[in-house]
Amino acid sequence: MEQSEPPIDAAIAERLRVLRNRRELTLDELAGRSGVSRAMISRIERGEASPTAQLLSRLCAALEVTLSAFFAPEGDAPNPLSRRAEQPVWRDPESGYERRAVSPPATPSRVEVIDVVFPPGARVAYPPETAREGMTQHVWLFSGMLEMTIAETTYRLEPGDCLYMSITEGHVFHNPGQSPAHYAVVLDRGRN
């Protein structure tokens, strides 16, 4: 029995294709800007591959959108209420981390709130995003354990701890514990 592609993979494929075409970028141009191979971008756009968190982050940076904006539905009028049942959820196929876009989409707010469940032992490394100068985030841990490495410094977060950082610095999320880490990321896109 042939398995159909998961709805989120189809949505990612379509959204990537739309954003790339809207910016009038060829596959080669997007590959050059993101550091992701042309073949991989093509496979994602055809729904044949699920991007990892790190890869999707690099594509979003090259397209000049945040992950939350990438997953936000288009064409809807801004609504100040974001119901849990309608919040986009994405699971990183490599680390298994689950990301829920909590903030209402299409509002003019500079702030985005993301809810994350990070599996035990998971690790995700993000390179510096110099194109996002001025963007910052707070990581607020609710349960579990989380180690955050920013540049050369590692911080161990316990429930209730909150860590502030610039998005332009490379950082690594790691769960050294035996249970999932549950945390919020509060992202500020910076001054316009």
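The values are calculated or read from the model by the stated rules, or taken from the named source; none is laboratory data. If you're wondering where the values come from, they're calculated on a predicted model, not measured in any experiment. A quick note on method: Cβ atoms are made from the backbone with ideal geometry, for glycine too, and the neighbour counts reach across all protein chains shown. For accessibility, only protein heavy atoms count, side chains too; no ligands or nucleic acids. Shrake-Rupley method; radii C 1.70, N 1.55, O 1.52, S 1.80 Å.
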Next on the checklist: Considering only residues that are within 19 Å of ASP188 (Cβ to Cβ), in a strand (DSSP E or B) and open to solvent by 30 Å² or more (accessible area, probe 1.4 Å), which ones fall in the range 127-154?
Outcome noted: HIS138, TRP140
Item to check | Selection within the range 80-102 - modelled with pLDDT of 90 or more, more than 13 Å from the chain's Cα centre (by Cα) and closer than 17 Å to PRO7 by Cβ | outcome: ALA85
Next on the checklist: I'd like the residue in the range 83-115 that is loosely packed, with under 14 Cβ neighbours inside 10 Å, of a type outside the set (Lys, Arg) and in contact with a strand residue (DSSP E or B) (Cβ under 6 Å, 6 or more places away or on another chain) and, out of all such residues, is nearest to LEU16 (Cα to Cα).
Outcome noted: VAL89
Checklist outcome for this item: Within the range 173-188, of all residues that are over 12 Å from VAL139 (Cα atoms) and open to solvent by 20 Å² or more (accessible area, probe 1.4 Å), the one nearest to the chain's Cα centre (by Cα) is HIS174
Checklist outcome for this item: In the range 15-73, residues that are in contact with a Ser or Thr (Cβ under 7 Å, 6 or more places away or on another chain) and either at positive phi or hydroxyl-bearing (Ser, Thr, Tyr) (or both) total 1
Checklist entry - If you take the residues of the range 156-166 that are surrounded by 14 or more Cβ atoms within 10 Å (Cβ to Cβ) and at pLDDT 95 or above, which of them is nearest to the chain's Cα centre (by Cα)? => result LEU163
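Taking the conditions exactly as written (closer than 28 Å to ALA181 by Cβ and surrounded by 15 or more Cβ atoms within 10 Å (Cβ to Cβ)), does PRO7 satisfy them or not?
So PRO7 does not fit the description; no.
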Item to check | Selection count, the range 33-82, where residues are in contact with a Leu (Cβ under 8 Å, 6 or more places away or on another chain), open to solvent by 30 Å² or more (accessible area, probe 1.4 Å) and within 17 Å of GLU133 (Cα to Cα) | outcome: 1
